Amino acid sequence: MKKHARHLGYLTAVVLMVATMYFLMRNMTLAEISDIAKRVDMKFVVMGFLSLLVYVGIEMWIMDDLIKEICKVKGLWISFKATIVGQYYSLITPFASGGQPAQMYVMKKDNIPLSKSSAVLANKFIFFQVGVTVYSLVLFLFNFGKISAVLQKAMLFVICGLSINTVGLFCVIMLLYNPHKLKRIVYVFLRFIHNIHIIRRHRRKYKIFSRYVDEYKTDIDAIAKNKFLIAKSFLLTGVQLTAYFGITYFVYRALSLHGSSFFEIVSLQSFLYMAVSFIPAPGTLGAGEIGFYSIFGMVFGRGVLRYAILLWRLISFYATLLISAVITFGIYIAEKLEPYIVK
């Protein structure tokens, strides 16, 4: 069953990739593509790829710090493998759900117990989710007046995404300071939606949730006393998000466009991330393109908007997918050949 589900996930990702590429390129002519290609400033394209490397590099840095702190293991190779494999499986599975199990499998191969690897990944997840939510909320509050006109068509989706992630942030805070109250709130909510016939067996669902809360609390407590590591991880997450969201600015400049600042583009890209992050498509394929079209239409202009989407996806998704796939396959082959090489 799991094998069939995995194959279905791969097929879904491929279909979405082909469909989005078709809809973006269906009315493009070779003359138009050639004209746009001549206008592209490769210096900014390179800077976009460098921003992607910074994003992945910081991901690995935080992972390495957590592995050292929780697992008491030193080894950049473990962090590198876990990061790259996690990137690959996150991009091809809905909600990036395949990333963490794949990372746990990689770490288990290096003799890191599941209890330790789950603590590493739980803390990494919390750093990123809290970081991206606070980051986006701050930018939203400071930029609302300036960019509200740009967000008119997508405002509902942005607010919806921010609201969902803010609820998640609230749950994390409750988990840290009052997990029992969090359980109580969720139980009342589950009972309510059970009474209006939205779900069944709410007590069973509550028990599952309660177990997850206890496990996460244990995982978080693993680094709770290391204030320096926590502060460092949140700071690095802020830099990481700026690098990742900054890719769109370099796409903007690569197309010889001016008028919008780095700060404005990064703000809009963070709102796009919030708006589509809860969409269950692998790599938010389809949703990301539609969101980009809605949010950045006035910034890029209709004339080059589709080319901007292609270039943005090329750097932020397709390049990451291709490179991580090649490295993941290389790791798999190396592990298969290792027994024969050792002999």
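Tabulated values for the structure
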item: Global geometry of the range 150-245, whether rounded, prolate or oblate, following the gyration tensor of its Cα atoms and the 1.5 cut on a/c; result: oblate
item: On Cα atoms only, tilt of 30-39 relative to the major axis of the chain in degrees; result: 80
item: Efficiency of FRET from Cβ geometry, SER256 and GLN152, R₀ 25 Å, rounded to 0.05; result: 0.45
item: Anchor LYS217: lysines whose Cα lies under 23 Å away (excluding residues fewer than 8 positions away in-chain); result: LYS68, LYS72, LYS108, LYS116, LYS124, LYS181, LYS183, LYS205, LYS207, LYS225, LYS227, LYS232
item: CD proxy at 222 nm, helix term only [per DSSP H run n ≥ 4: -39500 (n - 2.57); per residue of the chain; nearest 500]; result: -27000 deg cm²/dmol
item: Contact order relative to length of the chain, as percent, for alpha carbon pairs under 8 angstrom and 6 or more apart; result: 31
item: Extension reserve of the PHE192-LEU137 stretch, reckoned as 0.36 nm per residue once the Cα distance is removed; result: 16.9 nm
item: Set of the range 123-144 residues, backbone N closer than 20 Å to the point 7 Å along the Cα-Cβ line of LEU235; result: 124-136
item: Sites ARG204 and HIS180 - FRET efficiency at Förster radius 25 Å, r taken between beta-carbons, to 0.05; result: 0.80
item: Using a Förster distance of 30 Å, the FRET efficiency for SER97-LYS227 (Cβ separation, nearest 0.05); result: 0.45
item: GLU215-VAL73 pseudo-label distance in nm [points 7 Å out on the Cα-to-Cβ vector]; result: 1.9
item: Amide hydrogen neighbours beyond the local backbone of LEU255, cut-off 5 Å, H modeled; result: ASP41
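Here, each number is a calculation from the coordinates, and none is a lab measurement. In this text the structure is predicted, and so the values were computed from the model without any measurement. When we count neighbours, we look across all protein chains shown, and the Cβ atoms used for this are built from the backbone with ideal geometry, even at glycine.
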